[in-house]
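The values are calculated or read from the model by the stated rules, or taken from the named source; none is laboratory data. All figures in this text were calculated on a predicted structure; none of them were measured in a lab. When we count neighbours, we look across all protein chains shown, and the Cβ atoms used for this are built from the backbone with ideal geometry, even at glycine.
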Amino acid sequence: MRLILIRHGQTPSNVGGHLDTAVPGPGLTELGHDQAGALPDALKHEGIEAIYVSNMVRTHLTAQPLADALQLTPEIRDGLREIAAGELEMRNDWPSVKQYLEVVRGWADDIEVRMPGGENGREVFERFDSVVREIAASGVSTAAIVSHGAMLHYWVPSAAHNLSPDYSSTHQITNTAVIVLEGHPDDGWTVETWVGEAVGGAALTALDADGPTADG
């Protein structure tokens, strides 16, 4: 099966560089809505049969134009939510951002390391994996998942055969960037494409306002 992984559109917290991971979270900026509006045309030939979103508002708003175009109802799954910042929630100072990124990067070596006041890597990956297994069991051939920057940055290398664990540290995933995987939960995944910019291209890509998790 194919998984089309989409990061949500730009939020006010992305613009402010905040570690904003609490549910339900903010909506989208004007640019974020424009980014979401570009998804139907960009993905119209993908044969998407189902759309899944997290329990955070920004993924719902991002998915809606695509869902409307395909006449699908997005399925909400808590397991797709962002990696919780714990005690670092809503901070945007560099020491806090650096600490958050060091924890999630460190899961490649020790998955049991815990975010201060938050989750460890095993808990994060298991909740995302459980949703992916559910999607695979549904029998669809192609599904879209609208999720979050840090989650996609670090789950994908953990699951894909053809990426090194440190791939995400050198490859960006800005708002509405898309990663396409081919495979199955039982056999593992191969990354077909990792497009780091917004689906609408440079005109909709705001590298200086896409949040602290865009660069991994």
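Figures for the structure shown
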quantity	calculated
Strands (runs of 3 or more DSSP E) contained entirely in segment 111-216, each with at least 3 residues that are touching a residue at least 24 places away in the same chain (Cβ under 8 Å) and β-branched (Val, Ile, Thr)	142-147, 178-184
Residue within segment 77-100 that is hydrophobic (A, V, I, L, M, F, W, C) and touching a strand residue (DSSP E or B) at 6+ places or on another chain (Cβ under 6 Å) present	yes
Residues within segment 56-86 that are outside any loop (DSSP other than H, G, I, E, B), within 20 Å of Asp129 (Cα to Cα) and β-branched (Val, Ile, Thr), tallied	2
Residue match in segment 42-55 (condition: in a helix (DSSP H, G or I), modelled with pLDDT of 95 or more and over 17 Å from Thr142 (Cα atoms))	no
Any hit, segment 126-140, residues being of a type in the set (D, E, K, R), surrounded by fewer than 16 Cβ atoms within 10 Å (Cβ to Cβ) and over 25 Å from Val53 (Cβ atoms)	no
Subset of segment 27-42 that is of a type in the set (A, V, I, L, M, F, W, C) and in contact (Cβ under 8 Å) with a residue 60 or more places away in the chain - its residue that is surrounded by the fewest Cβ atoms within 10 Å (Cβ to Cβ)	Ala42
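Listed here are the residues, each with its yes/no results for (1) modelled with pLDDT under 95; (2) among the aromatic types (Phe, Trp, Tyr); (3) farther than 28 Å from Lys44 by Cβ.
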position: Arg105; (1), (2), (3): yes, no, yes
position: Ile111; (1), (2), (3): no, no, yes
position: Gly117; (1), (2), (3): no, no, yes
position: Glu134; (1), (2), (3): no, no, no
position: Gly149; (1), (2), (3): no, no, no
position: Leu152; (1), (2), (3): no, no, no
position: Asp166; (1), (2), (3): yes, no, yes
position: Thr176; (1), (2), (3): no, no, no
position: Glu182; (1), (2), (3): no, no, no
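Residue by residue, here is whether (1) hydrophobic (A, V, I, L, M, F, W, C); (2) surrounded by 15 or more Cβ atoms within 10 Å (Cβ to Cβ) holds:
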| site | (1), (2) |
| --- | --- |
| Ile51 | yes, yes |
| Thr59 | no, yes |
| Ala63 | yes, yes |
| Gly117 | no, no |
